[in-house]
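No lab work stands behind these numbers, since they all come straight from the coordinates. Since the model is a prediction, treat every value here as computed from it, not as a measurement. We place every Cβ from the backbone using ideal geometry, glycine too, and count neighbours over all the protein chains shown.
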Amino acid sequence: MTKNENADRVRGPELQLATTLDKADTALVIGLIAPDKSEDGAEPTLSITDGILDDAQAEAIAAAVRALGASGSHGEITRLPAPAGLTVDLVVAVGLGSADDLDNADKIRQAAGIAARELEGITQAATTLSAVNLGAAAEGFFLGAYRFDTFRTDKTAPKKSLPTTITLLVEDKGRDAKAELAHAVAVADSVAIARDFVNTPPSHLYPEEFAERARYLGSAAGLGVEVLDDKALEKGGYGGIIGVGKGSSRLPRLVRLTHQGKKGAKKVALVGKGITFDTGGISIKPAANMDHMTSDMGGAAAVIAAVILAARLDLDVTVIATVPMAENMPSGTAQRPGDVLTQYGGTTVEVLNTDAEGRLILADAIVRAGEDEPDYLIDTATLTGAQMVALGARTPGVMGTDEFRDRVAALSAEVGENAWAMPLPAELRGDLKSRVADLANVTNHRNGGMLSAGLFLKEFVPESVGWVHIDIAGPAFNTGGAWGYTPKGGTGVPVRTIARVLEDIADNG
Ligand code: BES
Ligand code: ZN
Ligand code: MN
């Protein structure tokens with residue numbers, strides 16, 4: 001596989017607007033609303049079809065799904081042959097839950113994602129979910145239909161593909177609808193860029209290659225691109241990135257991608273952890289599930305995708321992504337537990353555990369990002385197993401300066417990524433004191449592991465910057481089955497949170 005093949009691949013279905021079914025649509029996805037529980041014997045009803053289906057068609061579908069016993073509970077799938085008079089062959093009804101849930105964009109997004117995965121073998125499908133919420137339906141179908149088969153030959157490639165085109169039915173396909181669809185496609189495609197990076201195995205995605213792919217995609221989006229190689233990092237004094245990277249034959253990189261807003265625009269620094277594989281180094285990890293550490297560049301993938309998205313949406317905010325990339329390996333040249341390194345900017349750190357490597361590469365990148373004097377700094381990383389102990393596999397932890405942290409958590413809930421505000425308790429800071437250096441990279445206990453990692457990073461964040469650290473150890477990589485619009489493997493979290501925050505900063509400062 002060449003890198004351009006990967007970067008230029010089509011990452012999702014084509015999405016088109018229409019007011020009536022297209023002849024090429026062979027399936028129709030409709031929404032089903034659960035009846036109010038207080039009403040005895042009430043039946044589920046179709047979500048809005050006005051102007052899209054005529055009354056007789058809508059009533060025929062409703063009667064058929066009721067006869068099949070559908071309830072309309074969220075995510076329920078009912079498949080039926082299309083009633084006479086419809087040009088499609090198949091109708092797929094997806095439950096949307098109660099009528100109150102229709103205002104919840106993520107419920108629509110999740111339902112669309114579930115429906116998308118039901119369309120194997122269909123080349124073109126239409127949906128009425130777009131009449132409820134166009135943007136959410138578009139994102140859900142695109143994200144739900146995502147597949148990553150780059151490394152499958154004909155021996156195991158899926159026999160039935162998902163639709164290459166989805167027709168989004170709306171009452172009015174005017175300018176507002178076109179803009180809403182274009183926004184959704186830009187967002188979803190950027191999420192898919194992040195997923196592709198996470199899903200690409202460490203054999204194929206190592207720091208040098210990761211940097212080249214970021215350069216390729218960044219240049220194509222019109223970003224400013226700068227790549228520091230291992231020699232430049234050594235010369236520049238990036239002791240954290242060098243220290244972590246020196247156990248590997250694949251040498252580290254630091255990538256900087258810039259989207260320029262208009263004069264006077266706010267400036268946002270993004271920093272993402274780019275460990276292309278984390279063995280733990282000399283403090284080596286157990287063998288079980290070590291392969292999951294292919295996802296340890298999920299933060300880097302997300303910030304690269306987010307700055308590309310800022311350019312695609314032409315957001316009026318300056319965004320500078322600073323992305324450290326290294327492979328954490330044990331070898332004769334690896335750093336040792338007990339080594340002291342000097343971070344970019346001069347702080348010395350005693351490396352008590354080489355598996356707490358993410359904070360070492362992030363500290364260099366955060367100090368470098370701070371030199372640009374940003375108004376806000378967002379870092380994100382698959383940083384601690386403790387994130388999953390605290391919040392589970394799907395809920396990112398967000399720490400930082402109080403006001404900005406709460407703002408980011410609220411915006412994350414809006415897009416359905418649901419990052420949850422966590423504290424940085426001052427009393428834990430003392431546990432990062434070192435016998436020999438300014439700081440130790442770990443505490444000598446397991447309590448509050450996500451928070452002590454956050455406190456470590458805080459040491460490198462400039463005063464007076466609105467800062468958040470988003471720990472995505474669990475949420476970046478789905479090790480269970482597909483759910484909603486989230487496939488197995490790379491999820492693209494927290495691209496949509498960062499995107500929403502950038503938009504909010506562009507609008508409100
Ligand atoms: N990349 C891991 C964190 C991680 C664990 C991500 C599981 C995704 C799933 C990180 O580099 C790490 O190893 N953290 C250590 C820190 C500890 C040594 C203080 C951890 O969480 O065990
Ligand atoms: Zn790691
Ligand atoms: Mn580690």
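The three principal axes of the Cα atoms in the chain give end-to-end lengths of 79, 49, 49 Å, sorted in falling order.
Positive-end ranking of 49, 122, 72 along the dipole of the stretch 3-173, with charges on Cβ about the Cα centre, is headed by 122. Against the chain, whose longest principal axis comes from its Cα atoms, helix 55-67 is set at around 70 degrees.
Placing +1 on each Lys and Arg Cβ and -1 on each Asp and Glu Cβ, with no other charges, gives the chain a dipole about its Cα centre of roughly 1580 debye. With the highest mean first, a sort of the peptides 151-159, 53-61, 471-479 on other beta-carbon atoms found within 10 angstrom per residue produces 471-479, 53-61, 151-159.
Placing a pseudo-label 7 Å from each Cα along the Cα-to-Cβ vector at residue 212 and residue 414 gives an inter-label distance of 4.0 nm. In the chain, the DSSP-assigned H stretches of four residues or longer account for a calculated mean residue ellipticity at 222 nm of -10500 deg cm²/dmol, using -39500 (n - 2.57) per stretch and the full residue count as denominator. Normalised Debye scattering of the stretch 3-173 at q = 0.10, 0.11, 0.13 Å⁻¹ gives log10 I(q)/I(0) of -0.37, -0.44, -0.61, counting only Cα atoms as equal scatterers and leaving out solvent. The slack in the chain from residue 290 to residue 101, taken as 0.36 nm per residue of separation less the alpha-carbon distance, amounts to 64.1 nm. Placing a pseudo-label 7 Å from each Cα along the Cα-to-Cβ vector at residue 55 and residue 463 gives an inter-label distance of 7.1 nm. If you plug the beta carbon distance of residue 67 and residue 433 into 1/(1 + (r/R0)^6) with R0 = 41 Å, you get a FRET efficiency near 0.05.
Extension gain, residue 77 to residue 339: 0.36 nm times the residue separation minus the Cα-Cα distance gives 88.7 nm. Overall, the stretch 404-509 carries a charge dipole of about 380 debye about its Cα centre when +1 sits on the Cβ of Lys and Arg and -1 on the Cβ of Asp and Glu, all other atoms neutral.
Dipole of the chain computed with +1 at Lys/Arg Cβ and -1 at Asp/Glu Cβ about the Cα centre; of 84, 254, 142, farthest Cα towards the positive end is 254.
Figure legend: label point modelled 7 angstrom from the Cα of residue 160 along Cα→Cβ; residues of the stretch 90-129 with amide N under 15 Å from it are 90-93, 115-125. Its convex hull of Cα atoms gives the stretch 346-435 a direction-averaged projected area, equal to a quarter of the hull surface, of 7.1 nm². Taken as Cα centroids, the stretch 347-406 and the stretch 72-136 sit 39 Å apart, rounded to the nearest whole angstrom. Just to confirm the number: angle between the C-alpha axis of helix 298-312 and the first principal axis of the chain, 0 to 90 degrees, nearest 10? For helix 298-312, the angle is close to 60 degrees. Subtracting the Cα-Cα distance of residue 225 and residue 372 from 0.36 nm times their residue separation leaves 51.4 nm of extension gain.
Each Lys and Arg contributes +1 and each Asp and Glu -1, all at the Cβ; summed about the Cα centre of the stretch 213-258, the dipole is approximately 100 debye.
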